[in-house]
1. Does ALA326 count as of a type in the set (Gly, Ala, Ser) and either at pLDDT below 95 or in a loop (DSSP other than H, G, I, E, B) (or both)?
2. Considering each of SER189, SER204, SER244 in turn, give the residue that is in contact (Cβ under 8 Å) with a residue 40 or more places away in the chain and either under 27 Å from THR315 (Cα atoms) or not β-branched (Val, Ile, Thr) (or both).
3. Would you check which residues across the range 60-76 are surrounded by fewer than 19 Cβ atoms within 10 Å (Cβ to Cβ) and part of a loop (DSSP other than H, G, I, E, B) and list them?
4. Please enumerate the residues belonging to the range 240-260 that are in contact with a Ser or Thr (Cβ under 7 Å, 6 or more places away or on another chain) and surrounded by fewer than 24 Cβ atoms within 10 Å (Cβ to Cβ).
5. Just to be sure I understand, how many residues within the range 86-137 are farther than 22 Å from GLU447 by Cβ and among the aliphatic types (A, V, I, L, M)?
6. Specify the residue that is modelled with the lowest pLDDT; the eligible residues are those in the range 117-154 that are closer than 25 Å to ASP422 by Cα and of a type in the set (A, V, I, L, M).
7. Against the definition (within 18 Å of the chain's Cα centre (by Cα) and within 15 Å of SER207 (Cα to Cα)), how does TRP233 come out, yes or no?
8. Does SER45 satisfy being among the polar types (S, T, N, Q), outside any strand (DSSP E or B) and farther than 23 Å from ASP166 by Cα?
Amino acid sequence: MSLFFSHGLRRCVLSLFLTGAGFVSGECLGDWPRFRGPNGSGIASDSTEMPIEWGPEKNIFWKLKLPGPGASSPIIKGDLVFVTCYSGYGTSREAVGKIQDLKRHLICVNRKTGKQKWMHTVTATLPEDTYSGMGIPAHGYASHTPVADADRVYAFFGKSGVVCLDFEGNEVWKTSVGTGSDPKRWGSSSSPILHEDLVIVTASAESSSLVGLDKLTGEEKWRQTADGLVDVWGTPVIAKVDDSRSDLVLGVPYEFWGLNPSTGKLRWYSEAMDSNSYNSSVVESDGIIFGIEGRGGGSAAVKVGGKGDVTEANTVWTGRDTARFASPLIYNDRIYYFANGLANCISAKDGSAIFKGRLPAPSSKPAVKAIDSEKLEATEPTRPTPNGFGGRGGRTGRGGFGGADYSSPVAADGKVYYVKSDGTTFVLNASNEFELLATNQTTDSGEIFQGTPALSNGQIILRSNKHLYCIAGN
């Protein structure tokens, strides 16, 4: 047994006693087991020193060629890294191929060596959304990040279903949560999460549903369907209300929803941002849900808990901050978000501006001077129509994914990391001032980076449309 894994086992045992820290059973310090790490926070659970500078010939610990592209993010469980991708169809605009050849892949990688341990392939369930329009060509057919517990990994492949495998690559079960399409045929991207004995899947495009599956058997334990789930591409979080209650919280058009994670039934809802689609994911911190959206949206902070419409009772603050696809990062009582070439920081307490800094273009020298902290103005919203849960939302908006940066900011060791689609990674000092520590380019081969990095034990796991990278060292 390696020294690294022995330490990992001790961290895991210790984490089981840290019941107030938001850990789930079997989750170890250093694990990054789902989209944006522990409970979707984007913050590494360990405090190991992280890399600041890297490049094609510097601090690349290993590099693995992938069989195809994907907009999903890697996850880390102990000595294993998992990532999804697809092949056979729609891998590029120049060679679309035949949709009958479309396959999805879940890949397991040895974190210490960078060698592939196994690959599980799922043949596409047809008919599938075609590689056309603004959505699918921008993000492809593997946009859902997998999730792992102590023994198994779970991947969602849209119409092709949810699959569970053990850590040796053996399929345990596979099930469908729907084969429909969203009105725009943009595809889906919401990632599965775990809660107690359930895998919870946001099947917004496939069936306008939230589905709770038994994680041991794949049996459907509950399903809640609502029109308000149309135009949802984000991933929910689990928010602790008190010692006896946790809520499943999701951002939907115009609202936040808090549901019973054991049944999927709506407990509360709150007006949030005036956005007719919800592309990013909400974030929870100290019992408050935070969200920032684009498309005429804004920002909001709402306390969890309560019953029914809690807008008046639970809203902490609202603002005019806007972002497109990147989810916000709450780190040391500050909210970091990135949009339109700007790094923005506001107060988590009241939403007031702290700084705004312009990010340099890849060819320019790093800029460290902050610019006007005045917030961006949002466009006027369109009012919603009723949805199936009794709140509001469900209107279909216009526009597409083309040309977007999908990656969300993450943090560790007092640093904030943000990756643009061209692979440029900005490293900021997590403080009250705009301080850009480094501007890094992982590769000079023109690869596309759409996944959010995974941070763990001094390493950054980063995926492109062609490779999986492990960055380590300073």
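The values are calculated or read from the model by the stated rules, or taken from the named source; none is laboratory data. Remember, it's a predicted structure, so these values are computed and weren't measured experimentally. For neighbour counting, all protein chains shown are included, and Cβ atoms are generated from backbone atoms with ideal geometry for every residue, glycine included.
1. On the way: of a type in the set (Gly, Ala, Ser): yes; either at pLDDT below 95 or in a loop (DSSP other than H, G, I, E, B) (or both): yes.
Yes; evaluated as a whole, the condition is true for this residue.
2. Working: SER204 fails: in contact (Cβ under 8 Å) with a residue 40 or more places away in the chain; SER244 fails: in contact (Cβ under 8 Å) with a residue 40 or more places away in the chain.
None of the others qualify; the one that does is SER189.
3. Across the range 60-76, the qualifying residue is only PRO67.
4. Hit for the range 240-260 is LYS240, nothing else.
5. Total satisfying the criteria: 4.
6. MET134
7. Numbers: within 18 Å of the chain's Cα centre (by Cα): yes; within 15 Å of SER207 (Cα to Cα): yes.
The answer is yes for TRP233.
8. Details: among the polar types (S, T, N, Q): yes; outside any strand (DSSP E or B): yes; farther than 23 Å from ASP166 by Cα: yes.
So SER45 fits the description; yes.
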